[in-house]
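The structure appears right after this line, and notes come after that.
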Amino acid sequence: MADCADPGLMLNDFMEDLRRRAFEEKLPFKGVFELTPRCNFNCGMCYVHLKPEEIPAAGRERTAEEWIALAQQARDAGMVELTLTGGEPFVRPDFRQIYEAVCGMGLLTQIFTNGFLLDEETVQWLRRFPPYALRITLYGMCDETYEAVCGVKGGFTRVLQSLTLLRRAHIPTYLVATITKENEAELGAMIRFARGNHFPFTYTSSLVPPVRGASADAKAHEVSLELPPQEEIERLRAENTRYPKKPLTDFLLACRNYRRAFWITWSGQMQLCAFLTEPAVMVRAEPGGFLESWQSLLARLETLRQPEACASCRYERYCDRCPGVLYAECGASDRTCDSFCRKAQRTFAIYGP
C-alpha cells in the first residue's frame with residue numbers, strides 16, 4: 001500500500017526536530033530583523049514606532065548592505081528561518097533589495113506588515129519571490145476603526161484590497177489582531193472575516209509598554225481583563241490543552257527563542273526577543289561579528305533568573321510568564337508587578353480547578 005502520510009505533518013515534524021537540535025546545540029535557527037522603527041501608521045499603542053526626526057536620538061538604522069551581511073553570517077551559523085519586520089518594513093526604499101538578497105540565500109523568509117502598501121505591482125513582485133509566510137495585522141473591520149486605531153484614512157479599504165490581491169496570487173498569508181478599546185467591539189467580525197476567507201487568525205489583547213525610544217501610551221488603549229461570560233468559559237475549558245502547565249523553575253525554558261533564536265533591533269542590538277532589551281549586545285556586520293554577538297548573548301542570558309515570588313505562587317501553572325514581557329511591564333525580568341500577575345489570576349479563574 002502506498003504511503004499515505006500527510007506531507008504537511010511530516011514537514012512540521014521535521015521542522016520541530018530541527019528546532020530541538022538547534023536548542024541542544026545552541027544554534028541560531030530563527031532570526032528576526034527589525035528593519036526600521038518607521039511606519040506609515042501611527043498606532044497609539046505601538047511599542048516601537050518612531051517618527052523619522054526622532055530616530056537620531058535613539059540610534060541609527062542599519063543599511064541594506066549591513067542587513068544582507070548579517071543575514072549571510074547568520075545563515076552560515078545555522079539560521080533557517082528569517083522574519084523581516086519593523087515598524088513597517090515596506091516603508092524602506094531598499095526593502096526589496098534586502099528581501100531579494102535573503103531569499104536568494106535559501107532562507108525561509110516571512111514578512112510582518114500592516115498590508116497598507118501592498119498594491120498590485122508589489123504583490124506581483126512577491127509572486128516572483130514568494131515568502132514562506134506573510135503576516136498582516138488587522139486593526140478593525142471598517143475605515144473608521146482604522147482611523148481611530150492607526151491614524152490613517154481608508155485603512156481597512158486598502159488592506160482589504162491587499163488581502164484580495166494576496167489571495168488571488170496564492171501567497172501564504174495569515175492575520176493577527178491587537179485588540180484595543182477602539183476595536184474590541186469588532187473582534188467577532190474579524191474572526192468571521194478570517195474564517196470566511198480562509199485566513200489563519202490569532203489575536204491578543206496584551207499591550208506592551210514602549211521600548212527603544214518609542215513613547216506610546218499602551219495602557220491607555222488596553223481593554224479591561226474582565227472574565228468572559230460563563231458560556232464562553234465552559235467552551236474554553238472544553239477546548240483547553242494548555243493549562244495547567246508543568247511546574248517551571250527556569251522561565252527561559254518556556255521561551256521558544258531561548259538558545260535557538262534572536263532578534264536584531266533596527267539600531268543593531270541583538271537580543272532574545274522584541275521586548276527583552278537587557279541583556280543585549282551590539283552586533284557588527286563585519287566578518288565574525290554575528291557569531292561573536294550570538295555567543296555573547298547566550299552567555300549573558302544564562303545568568304537570568306525568574307522572580308523568586310513565582311516559585312510559591314498558586315497561579316504559577318497558569319502563568320504565561322515570559323522574560324521579555326516581564327521586563328517590559330515590570331522594568332526587570334526578575335520581578336513581577338500587579339498588571340502582570342492579574343493576567344495569571346484571570347487565566348486561573350477561567351481554566352483552574
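The values are calculated or read from the model by the stated rules, or taken from the named source; none is laboratory data. Please read these numbers as outputs of a predicted model, since none were measured by experiment. Glycine gets a Cβ as well: all are built from the backbone with ideal geometry, and neighbour counts include every protein chain shown.
Things to note:
- Only one of the numbered conditions (1) at negative phi; (2) at pLDDT 90 or above; (3) within 22 Å of the chain's Cα centre (by Cα); (4) in a loop (DSSP other than H, G, I, E, B) is not met by Arg259, and that is (1).
- Top-ranked residue of segment 219-240 - restricted to ones that are touching a residue at least 12 places away in the same chain (Cβ under 8 Å) and in a loop (DSSP other than H, G, I, E, B), ranked as farthest from Cys322 (Cα to Cα): Pro228
- Any chance Glu121 is modelled with pLDDT of 95 or more, acidic (Asp, Glu) and either over 16 Å from Gln161 (Cβ atoms) or crowded, with 18+ Cβ neighbours inside 10 Å (or both): no
- Condition met for Leu175 (assigned to a helix (DSSP H, G or I) and either aliphatic (A, V, I, L, M) or modelled with pLDDT under 95 (or both)): no
- The lone exception for Leu50 - which of (1) over 17 Å from Trp266 (Cβ atoms); (2) surrounded by 17 or more Cβ atoms within 10 Å (Cβ to Cβ); (3) touching a residue at least 40 places away in the same chain (Cβ under 8 Å) it fails: (1)
- Test: residue in segment 255-262 that is under 27 Å from Leu35 (Cβ atoms) and in contact with a Ser or Thr (Cβ under 9 Å, 6 or more places away or on another chain): yes
- Unique residue being without any contact (Cβ under 8 Å) to a residue 40 or more places away in the chain and surrounded by fewer than 19 Cβ atoms within 10 Å (Cβ to Cβ) when the list is Ala189, Ala169, Ala185: Ala185
- Unique residue being in a loop (DSSP other than H, G, I, E, B), under 30 Å from Arg346 (Cβ atoms), assigned by TED's automatic domain parsing to the domain that holds Glu34 and among the aliphatic types (A, V, I, L, M) when the list is Ala285, Ala216: Ala216
- Under the condition of being touching a helix residue (DSSP H, G or I) at 6+ places or on another chain (Cβ under 9 Å), surrounded by fewer than 18 Cβ atoms within 10 Å (Cβ to Cβ) and not aliphatic (A, V, I, L, M), the residues counted in segment 278-307 number 7.
- The residues of segment 231-249 that are under 28 Å from Glu302 (Cβ atoms) and exposed (fewer than 12 other Cβ atoms within 10 Å of the Cβ), listed by number, are Arg242, Lys246, Pro247, Thr249.
- Verdict on Leu18 being surrounded by fewer than 20 Cβ atoms within 10 Å (Cβ to Cβ), farther than 17 Å from Trp263 by Cβ and in contact with a Phe, Trp or Tyr (Cβ under 8 Å, 6 or more places away or on another chain): yes
- Here Leu253 meets each of (1) closer than 30 Å to Gln295 by Cβ; (2) surrounded by 15 or more Cβ atoms within 10 Å (Cβ to Cβ); (3) hydrophobic (A, V, I, L, M, F, W, C) with one exception, condition (2).
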